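Student: My structure is below; once you've seen it, I'll send some questions.
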Amino acid sequence: QLVESGGGLVQAGGSLRLSCAASGRAFSSYVMGWFRQAPGKERDFVAAISGSGTTYYADSVKGRFTISRDNAKNMVSLQMNSLKPEVTAVYYCAALAGSKWWRLTDVTEYDDWGQGTQVTVSS
């Protein structure tokens with residue numbers, strides 16, 4: 001089970017930190033990803049992190065977003081800085097079996113999803 005928190009309303013240029021708490025065993029064996037979905041659009045890849053801490057980002061967020069994880073606490077976080085209105089969306093945490101790491105940008109490959117947390121950036 002994955003539970004996101006930390007979403008909210010922020011002005012353009014501001015920051016938010018999303019967190020995702022995972023339950024169950026073998027958390028460190030999973031690639032953890034963040035996706036987002038704006039109204040009327042597809043769910044898009046934002047960032048992912050391997051069990052050992054290797055990170056991957058969508059080009060649109062490189063340099064502004066940082067993904068991290070704490071395997072001891074079964075937590076993954078997404079620090080979002082310099083936010084722009086166009087990143088307004090529901091953000092989802094997801095888990096991918098480590099053996100599928102090469103598919104980490106593919107939304108259909110992820111096994112488990114959180115309920116999502118709304119991020120709204122006002123101009």
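The values are calculated or read from the model by the stated rules, or taken from the named source; none is laboratory data. Just so it is clear, the structure is predicted and the values come from calculations on it, not from any experiment. Positions of Cβ are backbone-derived with ideal geometry, glycine not excepted, and every protein chain shown enters the neighbour counts. All accessible areas refer to the heavy atoms of the entire protein, side chains included, with ligands and DNA or RNA removed. Shrake-Rupley method; radii C 1.70, N 1.55, O 1.52, S 1.80 Å.
Student: Need at least 1 residues that are open to solvent by less than 40 Å² (accessible area, probe 1.4 Å) per element, so show me which strands (runs of 3 or more DSSP E) inside region 14-77 make the cut, counting only ones lying wholly within it.
Tutor: Those strands (runs of 3 or more DSSP E) span 16-22, 30-37, 43-49, 65-70.
Student: Just to verify a result, which residue in region 100-123, among those that are over 18 Å from A89 (Cβ atoms) and open to solvent by 40 Å² or more (accessible area, probe 1.4 Å), is nearest to the chain's Cα centre (by Cα)?
Tutor: Residue satisfying both the conditions and the ranking: D112.
Student: Show the residue pairs that are 6+ apart or on different chains and have beta-carbon atoms under 7 Å apart, the first residue being within region 16-33 and within 11 Å of Q1 (Cβ to Cβ) and touching a residue at least 12 places away in the same chain (Cβ under 8 Å), the second being surrounded by fewer than 15 Cβ atoms within 10 Å (Cβ to Cβ) and of a type in the set (V, I, T).
Tutor: Filtered contacts from region 16-33: C20/V3; A21/V3.
Student: Within region 89-108, is there a residue that is aromatic (F, W, Y), in contact (Cβ under 8 Å) with a residue 24 or more places away in the chain and assigned to a loop (DSSP other than H, G, I, E, B)?
Tutor: no
Student: Among the residues of region 78-99, write down those that are touching a Gly at 6+ places or on another chain (Cβ under 9 Å), more than 22 Å from S23 (Cα to Cα) and surrounded by fewer than 16 Cβ atoms within 10 Å (Cβ to Cβ).
Tutor: Selection gives N81, S82, K84.
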